[in-house]
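One structure is given here, and the rest of the page talks about it.
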Amino acid sequence: MRSVLKSSVLFVLTCVATSLLCASATAQPTRTPPPVAPIRPLQTTEPAQPPSPKAQKSVRKPPQRPSRVTMVKDQEPVAPQVVTIVHRLNGVKLLRYLLRERNEPGSVATIAPEAVNADAHASIIAGVALEDGKTIVARLPQVAAEMEVQRSSLLAPPDDPAESRDAAHRRLPRAPRMQPDLTVITQDGKTFRARYIGVDGSTGLSVLQLTQPATTADISGAVHKKINDGQNVQLFAPERVATETPYTILVRIGKTDAKIAVKIAKTKADLENVMVRATKLSPNVIGGVACDQAGNTLGIVDAVEGNNARLLTAQTVRAATKRVLEHQSSVPRPLLGIRGEEIDLSAKKSLMAFGWNEEELEELIDNEVGILLTFVLPGTPAAMAKLKPGDVIVRVNGRNVKGAEEFSEMLTKVGSGEDVKFTVERPQLKQSLSVDVKLGGAFQPVFEWQFEMPKVPRWTGGLKTLGIEAVTLSGKYISEWGGSGVLVVGVEPESAAARAGLKERDVIEMINGRVVGRGTWPFTYRFNSKEKHVLSVVRHKEKKQLVIEPVD
């Protein structure tokens with residue numbers, strides 16, 4: 001289900017990127033609006049006659065006017081804790097987001113400076129206000145991807161083996177210096193600027209805070225304490241409304257009637273897995289707020305598949321919020337660094353392949369307790385603790401592991417950077433092993449099971465070793481950029497490139513005297529961070545030279 005969710009998000013973003021980067025793009029309203037709303041179509045006409053050099057100095061293009069998101073007036077009131085969040089992304093941030101999702105270098109033929117520098121689009125999604133009215137929780141994967149730049153360094157294998165040993169135990173990231181452009185809109189049309197606190201890596205939920213309450217209504221008791229099978233629920237999510245007013249995006253709170261289809265209570269965990277079913281569900285409800293008939297919060301829609309939707313319950317939302325607020329920053333999901341499968345009848349073949357004999361595996365399968373490790377990623381906490389493929393983790397801090405999800409929840413409760421004690425069974429050993437592990441932390445992939453091995457990006461060297469993310473420039477807009485090479489779409493904070501003064505939207509023409517933009521070598525060559533590198537860049541059509549000093 002989570003793969004369906006990720007595919008839908010990527011599809012929408014790819015469509016927006018296409019409209020942003022292609023010269024013939026236009027924005028057309030649709031009956032069923034997607035979560036990502038284009039702000040303004042690009043101008044595609046070329047001037048009949050180029051201005052003279054003298055006139056060119058005095059003529060400046062007027063700044064593009066971003067569209068305003070406005071709430072429909074006099075709509076049917078819904079639960080007061082349901083709010084709308086608008087996240088604006090400019091072109092360079094959108095390019096960076098897509099680059100990280102694809103994890104490979106790319107050449108984009110028509111990157112117009114106007115499109116990259118202006119507001120490109122807005123993501124419009126529902127959020128829920130907690131009791132104080134100032135704390136807002138929402139599912140904002142684009143914001144998390146934009147802000148958590150540290151996740152790349154958590155996954156990429158370091159050059160120094162000594163760094164590899166410490167990579168899984170990195171400190172929690174600091175609060176971001178640059179805040180995303182976030183606006184919270186209430187149902188009566190009031191707007192508030194929101195401050196991004198962080199994302200909870202275990203659930204993918206982001207926490208925002210306002211300087212004043214978004215609603216004056218009493219929502220202190222607006223959390224439903226009990227969920228019953230067959231219970232009627234309502235899913236609230238923003239919908240676009242067609243309008244002919246220029247520079248205006250009109251939004252209302254849409255409502256979808258549904259019923260609780262499945263509730264699986266966890267006997268040894270505080271979380272619940274709740275599914276709801278409706279006759280018609282669109283991707284637009286992903287991130288929507290689920291409420292009962294009295295307007296109490298049941299949870300946030302995490303994924304949609306056909307006519308079914310999965311909820312992160314109100315209890316899960318509260319737990320995620322508490323983790324982020326306690327740290328006042330993003331909280332990575334616990335990283336162990338293994339791939340595994342549950343112990344049941346279907347695991348018999350795998351157990352035998354790892355050397356378990358009939359007598360040993362019969363006892364394991366009868367108890368149906370444990371996680372069989374099928375792969376251990378080098379350099380992770382699991383590898384450093386000498387865990388091996390074929391091992392079975394049967395207990396975590398003395399508690400039996402009865403399934404993959406319960407194992408994930410146990411690690412989540414322990415938290416990244418904390419110590420955990422595993423009881424491990426190993427084939428052909430009569431006694432159990434006690435293994436102490438210090439959990440690491442990671443943000444990527446956000447929407448995968450927490451106990452699985454993280455996926456290492458294909459492209460981990462090249463400019464990334466200097467803290468630079470870039471795409472290759474080519475095509476007719478090179479003259480407007482003032483040079484050719486690679487366009488910088490991201491600079492990792494406190495990296496060597498950042499200290500050298502490199503900025504987003506810079507065009508790198510040469511590195512150490514070698515021309516950039518011919519082939520993929522800037523993305524694959526392993527730059528030595530302990531050596532000096534000289535960059536020839538173009539910034540606002542002015543050529544500059546930046547020196548990246550060696551890192552001790």
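The values are calculated or read from the model by the stated rules, or taken from the named source; none is laboratory data. On a predicted model such as this, the values are computed, not experimentally measured, just so you know. No Cβ is skipped: glycine too gets one built from the backbone with ideal geometry, and neighbour counts run over all protein chains shown.
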Quickly run through region 269-319 and pick out the residues that are touching a residue at least 60 places away in the same chain (Cβ under 8 Å) and basic (Lys, Arg).
310, 318
What do you reckon, is residue 401 modelled with pLDDT of 90 or more and crowded, with 20+ Cβ neighbours inside 10 Å?
yes
So residue 312 passes all but one of these: (1) assigned to a strand (DSSP E or B); (2) in the same structural domain as residue 410 (by TED's automatic domain parsing). Which condition number does it fail?
(2)
Return only the number of the condition from (1) surrounded by fewer than 22 Cβ atoms within 10 Å (Cβ to Cβ); (2) β-branched (Val, Ile, Thr); (3) under 18 Å from residue 540 (Cβ atoms) that residue 465 does not satisfy.
(3)
Would you point out the residue of region 181-207, among those that are closer than 13 Å to residue 83 by Cα and in a loop (DSSP other than H, G, I, E, B), that is farthest from the chain's Cα centre (by Cα)?
188
Could you check how many residues of region 423-439 are among the polar types (S, T, N, Q) and in contact (Cβ under 8 Å) with a residue 24 or more places away in the chain?
3
Report yes if residue 303 is modelled with pLDDT under 90 and in a strand (DSSP E or B), otherwise no.
yes
Tell me the residue from 373, 429, 387, 433 that is modelled with pLDDT of 90 or more and more than 27 Å from residue 331 (Cβ to Cβ), please.
433
Flag if residue 453 is farther than 30 Å from residue 437 by Cβ and either modelled with pLDDT of 80 or more or assigned to a loop (DSSP other than H, G, I, E, B) (or both):
no
Can you tell me which residue in region 353-379 is surrounded by the most Cβ atoms within 10 Å (Cβ to Cβ), limited to those that are assigned to a loop (DSSP other than H, G, I, E, B) and out of contact with any strand residue (DSSP E or B) (no Cβ under 9 Å at 6 or more places or on another chain)?
379
Qualifying position, being among the β-branched types (Val, Ile, Thr), part of a loop (DSSP other than H, G, I, E, B) and without any contact (Cβ under 8 Å) to a residue 60 or more places away in the chain, among 488, 547, 537, 551:
551
Would you please name the residue that is farthest from the chain's Cα centre (by Cα), looking only at residues in region 383-412 that are free of Cβ contacts under 8 Å to residues at least 60 places away in the same chain and over 19 Å from residue 341 (Cβ atoms)?
398
